[in-house]
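Asks: The structure's right below; bear with me while I get my questions together.
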Amino acid sequence: MKLLSLSVAFVMAAWCQNWNLLHQVPPKAAAKSNPMEGDARACRAGAKLFARECSACHGRNAEGSEKAPALRNADVHQASAGTLFWILKNGSLRHGMPSFAHLPEPQRWEIVTFLHSLGQKE
Amino acid sequence: MVQRWALILGLGTIMFLPCCWGDEGPFFITYTHQMEEPGNLELATKDVTGKPGNGNRFLGSTTELEYGLKGWWTTEFYLDGQATFRESSLFTGYRWENRFRLLPHEHWINPVLYVEFENINGADKGLLEVVGHDGKNDLIQPNADARTERKREIETKLILSSYFKGWTIAENFIAEKNVRHAPYEFGYTAGVSRPLALAARPDRCNLCPENFQVGAEMYGGLGTHQDFGLGETSHYLAPTIAWTLANGTSFKVSPSFGITGTSAGFLLRFGVSYEIGQFGRAARSLFRK
């Protein structure tokens, strides 16, 4: 019985690991740096883009919803800019996160700048 | 009475749902690999007007409901109609399309499979694709005659598209077959577009350059499986521009120029679209206790 419980726990843990997009980003993509990092104007533009593109699922204040997780947390704040950029570009189509590759690169970096600023405000 | 209240409730719900940006680009004919976001509903109209040869001026109109079922699956339902000057106005049929994104991640080129069932009549003038030997003669036929022809067709497309340094580049290959008869018909479309600015401005604005996208499309027929090639086919070159307001409503317009003798000389396309964010969730909540 213990063995069965351990196996179930292991499978659950592996499944949860797969669901965490932050862990799926290739190292090369995660190492990319944000050309707009710390730019206040880019951060405000990112807030506008977030309201337009992301808030329907992640909530107006990034507090999350039944459909998508909160983005005001340490994981997102500590994630590298390249990691967030890769997630925006590719999404996770099987888990309901769409790709935002149609946004030009500068707009995706603006969103990343805004997401990083969320943690600072906490 | 109950139906009236249901209608008022439904319309009221739609009015207060948050909108999103469609971002579907300035194209009328060409598809990219961008899918509808899961749960979002886009309402759109695509209209085309022209005066083919000695025929009467017409207005073909298509109303489009596009819904994101999954991140990799978008479904769309169309209602078609047309009005021809000095003839009549009529409903010409419906179409149901499904698009499936084949690869989960972004690549330098991204394939999408498109499958559509059309149940329209011969008077349809929506011109959402040009295949086979379609040409201006199809648009000249009087409505009274053309409407008697039933077209139940399966249309498939291979959509290939890429984003490169702010540019959207897309190519579609089309194969269409009447389910009862007629040969396989082929067509193509290709498009390229770019927003006027790549970075967004921090303020909410209607006239920011990033709200405008300009591009060009080229589309036409490639004959049938018995007579494949460019002979007696029509082709169009169409510059296009789209403008999205800060509230998400998008307008687009495209003058299309026929470049072969078989083509209609000039067509003007215009459309409006509006996207309702998380429509599926809002609709489900209406039926929950």
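The values are calculated or read from the model by the stated rules, or taken from the named source; none is laboratory data. Owing to the predicted nature of the structure, the values given are computational and were not obtained by experimental measurement. Virtual Cβ from ideal backbone geometry, glycine too; neighbours counted across all protein chains shown.
Asks: Every residue in region A:56-65 that is buried (at least 18 other Cβ atoms within 10 Å of the Cβ) and facing chain B (nearest Cβ under 9 Å), please. Before you say what the answer is, go through the steps one by one.
Replies: Going through region A:56-65, the residues buried (at least 18 other Cβ atoms within 10 Å of the Cβ) turn out to be A:56-58, A:62.
Residues satisfying the conditions are A:56, A:57.
Asks: Kindly provide the set of residues from region B:65-88 that are crowded, with 20+ Cβ neighbours inside 10 Å and more than 14 Å from chain A (Cβ to nearest Cβ), ordered by number.
Replies: Going residue by residue through region B:65-88, those that are crowded, with 20+ Cβ neighbours inside 10 Å are B:66, B:68, B:71-72, B:74, B:78, B:80, B:82, B:84.
B:78, B:80, B:82, B:84, listed by residue number.
Asks: Could I ask something else about it? Taking the options B:173, B:212, B:164, name whichever one is over 16 Å from residue B:27 (Cα atoms) and of a type in the set (Phe, Trp, Tyr). Lay out the reasoning, then the answer.
Replies: Values: B:173 fails: over 16 Å from residue B:27 (Cα atoms); B:212 fails: over 16 Å from residue B:27 (Cα atoms).
Just one listed residue meets the conditions, B:164.
Asks: Run down B:103, B:127, B:139 and say which single residue is out of contact with any Pro (no Cβ under 6 Å at 6 or more places or on another chain), away from every other protein chain (no Cβ under 14 Å) and either of a type in the set (Gly, Ala, Ser) or not in a strand (DSSP E or B) (or both). First the steps, then the outcome.
Replies: Numbers: B:103 fails: away from every other protein chain (no Cβ under 14 Å); B:139 fails: out of contact with any Pro (no Cβ under 6 Å at 6 or more places or on another chain).
Answer to the check: B:127.
Asks: Taking residue B:194 as the residue in question, decide whether it is within 14 Å of chain A (Cβ to nearest Cβ) and out of contact with any His (no Cβ under 7 Å at 6 or more places or on another chain).
Replies: Details: within 14 Å of chain A (Cβ to nearest Cβ): yes; out of contact with any His (no Cβ under 7 Å at 6 or more places or on another chain): yes.
So residue B:194 fits the description; yes.
Results for (1) surrounded by fewer than 19 Cβ atoms within 10 Å (Cβ to Cβ); (2) within 14 Å of chain B (Cβ to nearest Cβ); (3) at pLDDT below 90, shown as yes or no for each residue.
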site	(1), (2), (3)
A:31	yes, no, no
A:35	yes, yes, no
A:38	yes, no, yes
A:48	no, yes, no
A:51	yes, yes, no
A:67	yes, yes, yes
A:70	yes, no, no
A:77	yes, no, yes
A:86	no, yes, no
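Rundown of residues vs (1) polar (S, T, N, Q); (2) within 14 Å of chain A (Cβ to nearest Cβ); (3) over 27 Å from residue B:90 (Cα atoms), yes/no style:
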residue: B:148; (1), (2), (3): yes, no, no
residue: B:154; (1), (2), (3): no, no, no
residue: B:157; (1), (2), (3): no, no, yes
residue: B:166; (1), (2), (3): no, yes, yes
residue: B:169; (1), (2), (3): no, yes, yes
residue: B:179; (1), (2), (3): no, no, no
residue: B:182; (1), (2), (3): no, no, no
residue: B:189; (1), (2), (3): yes, no, yes
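Asks: Among the listed residues B:99, B:95, which satisfies the condition of being modelled with pLDDT of 95 or more, over 15 Å from residue B:176 (Cβ atoms) and buried (at least 21 other Cβ atoms within 10 Å of the Cβ)?
Replies: On the way: B:95 fails: over 15 Å from residue B:176 (Cβ atoms).
That would be B:99, the only listed residue that is modelled with pLDDT of 95 or more, over 15 Å from residue B:176 (Cβ atoms) and buried (at least 21 other Cβ atoms within 10 Å of the Cβ).
Table: residues versus (1) over 17 Å from residue B:193 (Cα atoms); (2) at pLDDT 95 or above.
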residue	(1), (2)
B:239	no, yes
B:242	no, yes
B:249	yes, no
B:268	yes, yes
B:272	yes, yes
B:275	yes, no
B:278	yes, no
B:284	yes, no
B:289	yes, no
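Asks: Since residue A:110 meets every condition but one in (1) within 13 Å of chain B (Cβ to nearest Cβ); (2) in a helix (DSSP H, G or I); (3) surrounded by fewer than 21 Cβ atoms within 10 Å (Cβ to Cβ); (4) touching a Gly at 6+ places or on another chain (Cβ under 6 Å), which condition does it not meet?
Replies: (3)
Asks: Please work out if residue A:90 is out of contact with any helix residue (DSSP H, G or I) (no Cβ under 7 Å at 6 or more places or on another chain), under 19 Å from residue A:26 (Cβ atoms) and among the polar types (S, T, N, Q). Write out each step before concluding.
Replies: Details: out of contact with any helix residue (DSSP H, G or I) (no Cβ under 7 Å at 6 or more places or on another chain): yes; under 19 Å from residue A:26 (Cβ atoms): yes; among the polar types (S, T, N, Q): yes.
Considered against the rule, which asks whether it is out of contact with any helix residue (DSSP H, G or I) (no Cβ under 7 Å at 6 or more places or on another chain), under 19 Å from residue A:26 (Cβ atoms) and among the polar types (S, T, N, Q), residue A:90 comes out as yes.
Asks: Considering only region A:57-107, state which residues are touching an Asp or Glu at 6+ places or on another chain (Cβ under 7 Å), farther than 19 Å from residue A:38 by Cα and assigned to a helix (DSSP H, G or I).
Replies: A:89, A:90, listed by residue number.
Asks: Need the failing condition index for residue B:125 against (1) loosely packed, with under 15 Cβ neighbours inside 10 Å; (2) farther than 16 Å from residue B:190 by Cα, just the number.
Replies: The one condition residue B:125 does not meet is (1).
Asks: If you don't mind, there's one more thing I want to ask. Return only the number of the condition from (1) closer than 28 Å to residue A:65 by Cβ; (2) surrounded by 15 or more Cβ atoms within 10 Å (Cβ to Cβ); (3) not β-branched (Val, Ile, Thr) that residue B:284 does not satisfy.
Replies: Unmet for residue B:284, out of (1) closer than 28 Å to residue A:65 by Cβ; (2) surrounded by 15 or more Cβ atoms within 10 Å (Cβ to Cβ); (3) not β-branched (Val, Ile, Thr): (2).
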